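These notes concern the structure reproduced below.
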Amino acid sequence: MKWVRPENIHLSLKFLGDVEDTREPELRDALQRAARTGPEPRPLTLQITGFGVFPDYHRPHVVWAGVTPDPGLELLQHGVEQAFAPLGFPTEARAFRPHITLGRAARDARPRDFKGLEEVLAGTDFDATVTVAEVDLMQSTLKPGGPVYQVKYHGRLS
């Protein structure tokens, strides 16, 4: 398992893929609009609790901490989808499952490497509340030591 460095821990609202740098102003504008949508009061208070994996415990690719569904977060994520769709970023077909990625399985990992993982995660108690008052437009550059993130736009939820 390759664990996410603490400074890289985040909650993704939408993954855009490879985007030309020249599009940054329109992406910034879209994120600003999305951060102002919805009747929910800002900032958001989110509960992080429990652990799980994608896609399954037999051969997990990702270990995550769960984020309890929250109407304000759902509205924000929907606003992001709606703001970016006209820019050529299709809305996600899958339901939004908020989570914090904690680690990714190594490419050469085998199912036996994860024996007992389900029991360990089920037996680990974690419950935290965090306040989210900002959203960032991030650029991710993959490096041998892991992704390097750069903030391209930093905005407040309002």
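Here are the numbers:
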| read-out | value |
| --- | --- |
| Neighbours by Cβ (under 6 Å, 6+ apart or cross-chain): first from region 8-26, more than 15 Å from TRP64 (Cβ to Cβ) and of a type outside the set (Ser, Thr, Tyr); second surrounded by fewer than 15 Cβ atoms within 10 Å (Cβ to Cβ) and at pLDDT below 95 | none |
| Options THR129, THR91, THR124: the member that is among the hydroxyl-bearing types (Ser, Thr, Tyr), part of a strand (DSSP E or B) and surrounded by fewer than 16 Cβ atoms within 10 Å (Cβ to Cβ) | THR129 |
| Subset of region 13-28 that is surrounded by fewer than 14 Cβ atoms within 10 Å (Cβ to Cβ) and either within 20 Å of GLU74 (Cα to Cα) or hydroxyl-bearing (Ser, Thr, Tyr) (or both) - its residue that is nearest to the chain's Cα centre (by Cα) | PHE15 |
| Every pair of residues 6+ apart whose Cβ atoms lie under 8 Å, when the first sits in region 45-62 and is small (Gly, Ala, Ser) while the second is surrounded by 16 or more Cβ atoms within 10 Å (Cβ to Cβ) | GLY50/ALA65; GLY50/GLY66; GLY52/VAL63; GLY52/TRP64; GLY52/GLY66; GLY52/HIS99; GLY52/LEU121 |
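The values are calculated or read from the model by the stated rules, or taken from the named source; none is laboratory data. Not measured: the values here are computed from a predicted model. With ideal geometry, Cβ positions are generated from the backbone for all residues, glycine too; neighbour counts draw on all protein chains shown.
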